[in-house]
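Note sheet for the following structure.
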Amino acid sequence: MNTNATSLGATDPGATAVITHRVRDGKHDDYQKWLDEIGPIGRTSAGNLDWHIIRPIPGLTSTYTVVIRFDTKVHLQEWMKSPVRQRLIEKVKPLLVSGDDFFISSGLDFWFTPEGAQTKVPARWRQGLVTWSAIYPLVIVVPLVVAPLLRLAGAPNNYYLSMFVVTGVVVFLMVYVVMPYYTKLIRRWLFT
């Protein structure tokens, strides 16, 4: 057992890799078979906590996003550099429009890492302030839009169902709409 990884694990908050693969047209079934092969291997690697696949929306996107979390950054890096993963990445490359794109982060850092940057992350207090300033208007406005739409769709008037949908919409908007543009808009302030 790697004692460095073990001793680091006591203070290491863990790490996440966000992997994006743009799959060629007509190759999605082959890519799914590849996922079925690599998934069980990755999930059994040392320190793996979970493995999520966000599939493309048919007719809109061709990008799969795989989010994997490990208990330590060391364990994640060991998996990402492992010979078995490298072999499987070589196997999938003909199915991809571009290469094996990924970045490794912890916490909410991935919202604040500029494209192409490997290590520069703003101060935590700035991350918190930006996240709060983005979420606040969303939690005010989204329920005002979602609740009537749920009623119009015939959903029962249920607080937990409404909050489930509202939080899903807020998270979606934060990850895919608000934060990518907001952090670009204020990046000068973020990184000063």
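Taken together, the values in this text are just the output of simple stated rules run on the coordinates, not laboratory data. From a predicted model like this one, the values you see are computed outputs, not experimental measurements. Quick reminder, even Gly has a Cβ in these numbers, built from the backbone with ideal geometry, and neighbours come from all protein chains shown.
For a straight C-alpha distance cut-off of 26 angstrom, the lysines reachable from K73 (same-chain residues fewer than eight places away being disregarded) are K81, K91, K93, K120. In order along the stretch 19-25, phi translates into HN-Hα couplings of 10, 10, 10, 8, 9, 5, 4 Hz, rounded to whole numbers, per the Karplus curve 6.51 cos²θ - 1.76 cosθ + 1.60 with θ = phi - 60° and x for Gly and Pro.
Extension gain for the segment I53 to F191, taken as residue separation times 0.36 nm less the Cα-Cα distance, is 46.6 nm to one decimal.
Rounded to the nearest 0.05, what FRET efficiency do R43 and M163 have when you use their Cβ-Cβ distance and R0 = 45 Å? Calculated value: 0.90. Treating r as the C-beta distance of L144 and V175 and R0 as 30 Å, the FRET efficiency rounds to 0.90.
What the phi angles of the stretch 35-44 give under the Karplus curve with 6.51, -1.76 and 1.60, with θ = phi - 60°, is a coupling list of 4, 5, 7, 6, x, x, 5, x, 5, 9 Hz, glycine and proline written as x. The stretch between A155 and T61 holds 31.0 nm of extra length on full extension. This uses 0.36 nm per residue minus the Cα-Cα distance.
Equivalent-ellipsoid semi-axes for the stretch 28-82 (Cα gyration tensor, √(5λ), whole Å, largest first): 24, 12, 8.
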